[in-house]
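Accompanying notes for the structure given below.
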Amino acid sequence: MIRLFLVRHGENPANVHHILSFRRADFRLTSRGIRQAEALAPLLRRPGRGPDTAWWSSPLRRARHTAEVLAPPGTGIRVLEGLRELDVGELDGSGRPDDRDAYEKVIAAWRLGEDTARFPGGESLAEAVERFETSLRAVTDDRAEGSAAVVVGHGGLFTEALTVLLPPADRALFEQAHRPRWLNCEAAELTARTDRDGRLRLRWAGWLSAARPSP
């Protein structure tokens with residue numbers, strides 16, 4: 001079992017202008033986003049999260065930029081394609097209100113258990129969860145028992161995948177703590193292990209920062 005820290009990236013222009021961003025809109029952090037990462041960095045560099053901690057990131061610039069600010073100087077940060085934000089297909093790069101509405105309709109369907117509902121030209125919840133689980137298995141399998149890993153990625157993917165992958169009691173804790181949403185540069189702590197049958201097992205521990213303590 002390892003300690004797993006999931007970190008949403010800092011603020012970037014896609015957040016400011018409400019742009020859906022899977023691949024086309026690919027920004028580095030704003031000055032505010034950099035400050036958010038700098039404020040979080042000391043919490044991720046405490047004892048037990050030191051030089052032996054593995055660092056991973058989504059390939060999108062906002063995640064990689066966040067990881068560069070968070071990690072100790074000289075740290076190697078590995079990139080996993082499967083950590084990319086939700087594939088919104090034809091909505092990618094759009095900030096139009098009607099496209100945002102289309103996005104929210106798919107998310108609402110997922111929350112009702114329709115895991116095969118998909119974004120137009122994009123992915124379903126089942127597909128998103130599968131690639132996220134595969135990515136976290138790679139992270140977990142790379143780590144020794146009791147070690148730590150930091151994964152910098154995206155609130156959409158993290159949120160929707162955890163509502164599926166967490167066991168029911170932990171899912172309830174996460175959903176209660178998560179309200180209203182996963183904030184920029186907010187870090188969650190979990191434990192993770194891969195069973196002998198290859199299944200990823202996650203347990204919710206709580207928010208790392210004091211901004212939103214777990215209930």
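Values in this text are rule-based calculations from the coordinates and carry no lab data. Model, not experiment: these values are computed from the prediction. Heads up, the Cβs are rebuilt from the backbone with ideal geometry, glycines too, and the neighbour counts pull from every protein chain shown.
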Report summary line: If every Lys and Arg gets +1 and every Asp and Glu gets -1 at its Cβ, then about the Cα centre the chain yields a dipole, in debye to the nearest 20, of 720 debye
Query raised in the report: If you wrap a convex hull around the C-alpha atoms of the chain and split its volume per residue, what is the figure in Å³?
Result: 115 Å³
Report task. Return a whole-number percent for the relative contact order of region 2-207, with Cα pairs under 8 Å and 6 or more residues apart as the contact set. Result -> 31 percent
Requested in this report: List the residues of region 1-22 whose backbone N lies under 19 Å from a point placed 7 Å from the Cα of residue 43 along the Cα-to-Cβ direction.
Outcome: 3-12
Report summary line: If each K or R counts +1 and each D or E counts -1, the residues other than residue 70 whose Cβ falls under 9 Å of its Cβ total -1
Query - Cβ-Cβ FRET estimate between residue 181 and residue 77, R0 fixed at 35 Å, reported to 0.05 - result: 0.90
Requested in this report: Just add up the charged neighbours of residue 92: K/R +1, D/E -1, any other residue whose Cβ is under 13 Å from the Cβ of residue 92.
Outcome: -1
Query raised in the report: When DSSP beta bridges are limited to those with both residues in the chain, what percentage is antiparallel, rounded to the nearest 5?
Result: 50 percent
Requested in this report: Would you mind classifying region 88-215 by shape? Square roots of the alpha carbon gyration tensor eigenvalues, ordered a ≥ b ≥ c; an a/c under 1.5 is rounded, otherwise it is prolate if a/b is larger than b/c and oblate if not.
Outcome: prolate
Query raised in the report: Tally Lys and Arg at +1 and Asp and Glu at -1 over the other residues with C-beta under 13 Å from the C-beta of residue 144: what net charge comes out?
Result: -1
Report summary line: Under the 7 Å Cα-to-Cβ spin-label approximation, residue 35 and residue 115 lie apart by a distance in nanometres of 4.1 nm
Report task. Tell me which residues come under 5 Å, amide H to amide H, from residue 12 once H is placed; ignore anything under 5 positions away on its chain. Result -> 30
